[in-house]
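Chemist: Below are the structure tokens for one structure; questions will follow.
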Amino acid sequence: MDEPIEQRPEADWVDQDLLTRELAGSLLDEEIAAERGRIDRLDRGVGGDDIVMSRADMVRRLAAMEAIRADVGVNVTIQF
């Protein structure tokens, strides 16, 4: 015999810890600054354990993060 399923009136994601655009932008800003720092250290010959890719790959990664960051601040309208 099937038991009835209780439907709650609120969305099931309301209490979840969601990543906001503001938080995503802040996290990207931190990582962009860190990547710039790694590139700078590499250029100065300092290096470090956190430098794990080539300079060219680091520059590509930085450019990609900056492009994504530019889009994070843009207001998005979802149409249904």
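Values quoted throughout were computed directly from the atomic coordinates according to the rules given, and no laboratory measurement underlies them. Remember, it's a predicted structure, so these values are computed and weren't measured experimentally. With ideal geometry, Cβ positions are generated from the backbone for all residues, glycine too; neighbour counts draw on all protein chains shown.
Chemist: Assuming a viscosity of 1.306 mPa s and a temperature of 10 °C, what translational diffusion coefficient in µm² per second does Stokes-Einstein assign to the stretch 24-70, Rh being the Kirkwood radius over Cα pairs? Can you show the working numbers first?
Modeler: Values: Rh = 10.9 Å.
D = 146 µm²/s.
Chemist: For the residue pair Leu42 and Glu66, what label-to-label distance in nm results when each label sits 7 Å from Cα along the Cα-to-beta-carbon direction?
Modeler: 1.4
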